[in-house]
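I have placed the structure first, in the form of structure tokens, so that the comments after it can refer back to it.
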Amino acid sequence: MWLADEVRLTRKSMVRWVALSLGLISEKESRDLIVDLLDVLFEFFAKGEEPTTQEILDRLKAKTSEEPNPKAVYYHLQKLMDQGLLQREKGKYFISRENKRLSVAVKELYLKEVNESLAEITKALEMLEK
């Protein structure tokens, strides 16, 4: 996806663009919770912090001035874990335990997935060539 200049105007539009680019939301997604949640997670991870669910809920409340629905937040956290973008250990969430920048950790995660997919595609194409 192309990173248009107008996307760069606000933090929220940048987070939404990242979510779209990673396939975490659809283009017509109207709910803001996942975007707000990603924004909060990115803030924590950019500082090298590993938040708990309660810390995430508290930051969401401060950011949006609304009481977040804990079940909905946990649902999205679980989806992010199921997709491999997020990990949880001893009640704390993280992307990578290695001292990597957020951008490097996400890049490595997605490159691994792309390479695994390409290996399977290659295998299937080679079988078709026989």
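Among the residues of segment 28-38, is there at least one that is more than 23 Å from residue 6 (Cα to Cα) and modelled with pLDDT of 90 or more?
Taking segment 28-38 as the starting set, the residues that turn out to be more than 23 Å from residue 6 (Cα to Cα) are none.
So far as segment 28-38 goes, no, none of its residues is more than 23 Å from residue 6 (Cα to Cα) and modelled with pLDDT of 90 or more.
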Query - Qualifying residues in segment 36-63 (those that are part of a helix (DSSP H, G or I), in contact with a Phe, Trp or Tyr (Cβ under 8 Å, 6 or more places away or on another chain) and among the charged types (D, E, K, R)) - the one farthest from residue 20 (Cα to Cα) - result: 55
Report task. Answer yes or no: is there a residue in segment 94-103 that is in a helix (DSSP H, G or I) and either modelled with pLDDT under 95 or loosely packed, with under 10 Cβ neighbours inside 10 Å (or both). Result -> yes
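In segment 1-21, what residues are open to solvent by 40 Å² or more (accessible area, probe 1.4 Å) and not in a helix (DSSP H, G or I)? Talk me through it step by step, then tell me what you get.
First, pick out the residues of segment 1-21 that are open to solvent by 40 Å² or more (accessible area, probe 1.4 Å): 1-3, 5-6, 8-12, 14, 16-18, 21.
Result: 1, 2, 3, 10.
So which residues in segment 47-59 are touching a Pro at 6+ places or on another chain (Cβ under 8 Å) and either closer than 22 Å to residue 103 by Cα or among the acidic types (Asp, Glu) (or both), if there are any at all?
Start the filter on segment 47-59 by keeping residues that are touching a Pro at 6+ places or on another chain (Cβ under 8 Å), which leaves 53, 57, 59.
The one that is touching a Pro at 6+ places or on another chain (Cβ under 8 Å) and either closer than 22 Å to residue 103 by Cα or among the acidic types (Asp, Glu) (or both): 59.
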Query - Test: residue in segment 39-51 that is loosely packed, with under 13 Cβ neighbours inside 10 Å, small (Gly, Ala, Ser) and free of Cβ contacts under 8 Å to residues at least 60 places away in the same chain - result: yes
Query raised in the report: Within segment 64-78, which residues are open to solvent by 80 Å² or more (accessible area, probe 1.4 Å) and outside any loop (DSSP other than H, G, I, E, B)?
Result: 71, 74, 75
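Would you tally the residues in segment 77-104 being among the aliphatic types (A, V, I, L, M) and touching a strand residue (DSSP E or B) at 6+ places or on another chain (Cβ under 9 Å)? Can you show your working first?
Here is the first cut: in segment 77-104, the residues among the aliphatic types (A, V, I, L, M) are 77, 80-81, 85-86, 95, 102, 104.
Those left that are additionally touching a strand residue (DSSP E or B) at 6+ places or on another chain (Cβ under 9 Å): 77, 80-81, 86, 95.
Within segment 77-104, residues that are among the aliphatic types (A, V, I, L, M) and touching a strand residue (DSSP E or B) at 6+ places or on another chain (Cβ under 9 Å) number 5.
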Query raised in the report: Any residue in segment 106-117 that is open to solvent by less than 30 Å² (accessible area, probe 1.4 Å), outside any loop (DSSP other than H, G, I, E, B) and among the aromatic types (Phe, Trp, Tyr)?
Result: no
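What's the total number of residues in segment 1-17 that are touching a residue at least 24 places away in the same chain (Cβ under 8 Å) and either under 24 Å from residue 98 (Cβ atoms) or of a type in the set (A, V, I, L, M, F, W, C) (or both)?
Taking segment 1-17 as the starting set, the residues that turn out to be touching a residue at least 24 places away in the same chain (Cβ under 8 Å) are 11-12, 15.
Pick out the ones that are also either under 24 Å from residue 98 (Cβ atoms) or of a type in the set (A, V, I, L, M, F, W, C) (or both) and you get 15.
Of the residues in segment 1-17, 1 are touching a residue at least 24 places away in the same chain (Cβ under 8 Å) and either under 24 Å from residue 98 (Cβ atoms) or of a type in the set (A, V, I, L, M, F, W, C) (or both).
Residue 24: free of Cβ contacts under 8 Å to residues at least 60 places away in the same chain, under 26 Å from residue 108 (Cβ atoms) and crowded, with 16+ Cβ neighbours inside 10 Å, yes or no? Step through it out loud before you land on a result.
Numbers: free of Cβ contacts under 8 Å to residues at least 60 places away in the same chain: no; under 26 Å from residue 108 (Cβ atoms): yes; crowded, with 16+ Cβ neighbours inside 10 Å: yes.
Spelling it out, it is not the case that residue 24 is free of Cβ contacts under 8 Å to residues at least 60 places away in the same chain, under 26 Å from residue 108 (Cβ atoms) and crowded, with 16+ Cβ neighbours inside 10 Å.
The values are calculated or read from the model by the stated rules, or taken from the named source; none is laboratory data. This is a predicted model, so every value here is computed, not measured. Because the Cβ atoms are built from the backbone with ideal geometry, glycine has one as well, and the counts that use them run over all protein chains shown. The accessibility values were calculated without ligands, DNA or RNA, using every heavy atom of the protein model including side chains. Shrake-Rupley method; radii C 1.70, N 1.55, O 1.52, S 1.80 Å.
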